[in-house]
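Let me begin by presenting the structure, written as structure tokens, before commenting on it.
Any read-out appearing in this document is the output of simple, stated calculations on the displayed coordinates, not a laboratory observation. Note that this is a predicted model, so its numbers are computed, not measured. Glycine also receives a Cβ, built like all others from the backbone with ideal geometry; neighbour counts cover every protein chain displayed.
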């Protein structure tokens, strides 16, 4: 028997042992996840985040002075860290009123060695919590002041969104008001101002991660605008199938000439996906992540949401769903790279 045949037989035996092992692992588990194609080594530089908006923003005023809520914050952050996430997305507004609440969330993130993706806004932009409306110039000035006055909140490698889903507030949606040029100019100008503010405080924080609706992105993010935003396009996108998700992200990358970050995705959105069992949710996410991980155009994802919405992956009592295991499988393959390096 020559050396080639021996090597071939040995390889076949090892492969058979691995397949049998995987069979028995899945047989004894209620986690029916298909083994994904592993990502290429050079693609292991992704932002892997989970969003906490339902608890970090929606109850910000209600829980502002409730110190016992810290236990809930700690549990949620610990669970997210356990997935291998690089970031936790925190939606607390940037207004002075909510700063103590934001500090509590950021402190928990640092405790568990997570970078923070700041996905809040000033309440006046969308008139959250009955705040009075603010215009673009006020928004810009307040944002720069917020960064410069609260440098202790930030660490190198964090992400800061100044105006997430900006089309939902201020002068309105460019699809309806026709102000495409003004919308682009505002995003670009504010990014440059906020980027300068982070340089001033000596923090390497990516400030060009302002998410937008997929249809808005197709309208706004031409190649020139994408270049002005240093090559990043962030889209919040909910669709019926993983194939449509992957195709849409590819088209956005090709049209804009930039790298794409999935600022929000999750299932099920009942109007889009119908109702799903926990297993169907896990299967959908697994297929989506498998496709995304093969796309060099996509450099980050933020799953929406951890608890509190139809797409949740932990139940209200803290019990984890199968989808947590899916995200963990992918997130633990990640290697963190400072977002500003992309």
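Couple of notes before you dig in:
- Linear extension gain, residue 129 paired with residue 185, 0.36 nm per residue minus alpha-carbon span: 17.4 nm
- Within region 39-341, antiparallel bridges make up roughly 5 percent of the DSSP beta bridges whose residues both belong there.
- Inter-site label distance for residue 215 and residue 148 at 7 Å from Cα along Cβ, in nm: 3.9
- Note on 271, 95: ascending count of other Cβ atoms within 10 Å places them as 271, 95, the fewest first.
- Simple spin-label estimate for residue 223 and residue 319 gives 5.3 nm between the two label positions (7 Å along the Cα-to-Cβ direction from each Cα).
- Region 39-341 shape via C-alpha gyration tensor axes, a/c threshold 1.5: rounded
- Extension gain, residue 112 back to residue 271 (0.36 nm per residue minus Cα-Cα distance, nm): 53.7 nm
- Inter-part distance, region 255-309 to region 94-135, computed on C-alpha centroids, equals 24 Å.
- Computed from label points 7 Å out along Cα-Cβ, the spacing between residue 64 and residue 295 is 4.0 nm.
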